[in-house]
There are 2 protein chains.
Amino acid sequence: MAGSGKAAHSHDHQHCIREALTSAERVCAERGARLTPLRKRVLELIWDSHEAIKAYELLESLGALGESTKPPTVYRALEFLLEQGLIHRIESENAYVGCRHPEEAHDYQLLICDGCRHVEEVEVPGVGAALKDQASQLGFRVHQKTVEIHGLCAQCVANPR
Amino acid sequence: MAGSGKAAHSHDHQHCIREALTSAERVCAERGARLTPLRKRVLELIWDSHEAIKAYELLESLGALGESTKPPTVYRALEFLLEQGLIHRIESENAYVGCRHPEEAHDYQLLICDGCRHVEEVEVPGVGAALKDQASQLGFRVHQKTVEIHGLCAQCVANPR
DNA sequence: CGGGGTGTGTTACATTGTAACGAAATACGG
DNA sequence: CCGTATTTCGTTACAATGTAACACACCCCG
């Protein structure tokens, strides 16, 4: 059923979900942040796959679960999850994906497959530092870095539609 | 008048504009692409500053010039300019900015000031290649790279509001 | 001058995101 | 435990961003 055989990018996804939720609980507990049932449900829905998911898709899923179905509900939960570093926003897609390393701040880059929407979070050594250094040289104070690589993942290169 | 003394990031901006337009003409001529009056006007409006400008701001400016004022007009012009590499889209802002090197494809990163909206296009050596290499190692075929750094430019760090 | 392709005008709508306000739930000092 | 402050949530209404579809104008070419 959920998250098992789906062919591409196979792995024990139940494990991913469990780990993500456990991590989230711990991180929030440590910080005194409240991972309410609603926020947790949204986080679960995002972690339902490793694919980019949109706010209104989340909204629809919540609706199917009999929840309130108004945009602010979802956007507020997303805002919280972003603040806590539990998810990433994909700017070039207006979409969201679970963060692999929510325990601490980190540089990251996203490989986004335009074929299957799979998103891989990587940290290419040196990239974050190089950007920071260049900015510093120009007197620019960095607050946030967005690095998004679009293309086709190995699966979709091998197996085009 | 237009683009002269504005204090921050001072430079001969008239020169920027002339150069951008000349470049655009040449590039389009070489490729047989049609830089129509409408498209050129939109490009001029974008180059009116080095700041990120939004589609609906362009729309409003066009309206003030007595042009047609419907969204598709602007979005189609933007699409053309993006295809020709004459402008960049800033994904994290839903905004647009003139490209500094429209003559040829190139890696680039954008430093976006959240204080004054100024956008600086840079090419940090190695960053584009490092991202490409990492992707290749994962079997990922890159189509497009988006690198956007938000923060405060030197002017705004020195002179906060 | 007629036909095909490209560009533009226009209508209508889809998608994405937010402000504002009140009600409910939770935290917190006494 | 109670009353109050704060946070979270529900709801309405709307703002901002972007697109599909079709009609018309223009231009090149034969």
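Applying a threshold of 9 Å to beta carbon distances and a minimum spacing of six or more residues, or different chains, the list of pairs starting in the stretch A:30-43 at a residue that is open to solvent by less than 50 Å² (accessible area, probe 1.4 Å) and ending at one that is in a loop (DSSP other than H, G, I, E, B) and more than 12 Å from DNA strand C (Cβ to nearest atom) reads A:ALA33/A:GLN84; A:LEU35/A:GLN84; A:LEU35/A:LEU86; A:LEU43/A:LEU86.
Within the stretch A:66-92, residues that are among the aromatic types (Phe, Trp, Tyr) reach partners that are open to solvent by less than 70 Å² (accessible area, probe 1.4 Å) and not in a helix (DSSP H, G or I) with beta carbons closer than 9 Å, at six or more positions or on different chains, in the pairs A:PHE80/A:ALA33; A:PHE80/A:LEU35; A:PHE80/A:THR36; A:PHE80/A:LEU86.
Could you check, for the stretch A:66-87, whether at least one of its residues is open to solvent by 70 Å² or more (accessible area, probe 1.4 Å), of a type in the set (D, E, K, R) and within 12 Å of the chain's Cα centre (by Cα)? No, the stretch A:66-87 has no match at all.
Condition check ((1) farther than 20 Å from B:THR146 by Cβ; (2) near DNA strand D (Cβ under 10 Å from one of its atoms); (3) within 14 Å of another protein chain (Cβ to nearest Cβ); (4) of a type in the set (A, V, I, L, M, F, W, C)) across all residues:
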| residue | (1), (2), (3), (4) |
| --- | --- |
| A:GLU57 | yes, no, no, no |
| A:LEU62 | yes, yes, no, yes |
| A:LEU65 | yes, no, no, yes |
| A:THR73 | yes, yes, no, no |
| A:ALA77 | yes, yes, no, yes |
| A:LEU82 | no, no, yes, yes |
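Filtered by the rule that a residue be among the hydrophobic types (A, V, I, L, M, F, W, C) and within 22 Å of A:GLU19 (Cα to Cα), the stretch A:63-89 gives A:ALA77, A:LEU78, A:PHE80, A:LEU81, A:LEU82, A:LEU86, A:ILE87.
If you check B:HIS9 against the conditions, is it within 14 Å of chain A (Cβ to nearest Cβ), more than 16 Å from DNA strand C (Cβ to nearest atom) and surrounded by fewer than 19 Cβ atoms within 10 Å (Cβ to Cβ)? Criteria met by B:HIS9. Of all residues in the stretch A:123-161, those being open to solvent by less than 30 Å² (accessible area, probe 1.4 Å), at the interface with another protein chain (Cβ under 8 Å from one of its Cβ atoms) and over 30 Å from B:ARG117 (Cβ atoms) number 1. So, in the stretch B:58-110, how many residues would count as being away from DNA strand C (no atom under 13 Å from the Cβ), in a loop (DSSP other than H, G, I, E, B) and either modelled with pLDDT under 95 or aliphatic (A, V, I, L, M) (or both)? Residues flagged as away from DNA strand C (no atom under 13 Å from the Cβ), in a loop (DSSP other than H, G, I, E, B) and either modelled with pLDDT under 95 or aliphatic (A, V, I, L, M) (or both) within the stretch B:58-110 amount to 4. Taken residue by residue, the stretch A:103-110 has no member that is small (Gly, Ala, Ser) and in contact with a helix residue (DSSP H, G or I) (Cβ under 9 Å, 6 or more places away or on another chain).
The values are calculated or read from the model by the stated rules, or taken from the named source; none is laboratory data. Keep in mind it's a predicted model, so treat the numbers as computed, not measured. Glycine also receives a Cβ, built like all others from the backbone with ideal geometry; neighbour counts cover every protein chain displayed. Ligands, DNA and RNA are excluded from the accessible area calculation, which covers all protein heavy atoms including side chains. Shrake-Rupley method; radii C 1.70, N 1.55, O 1.52, S 1.80 Å.
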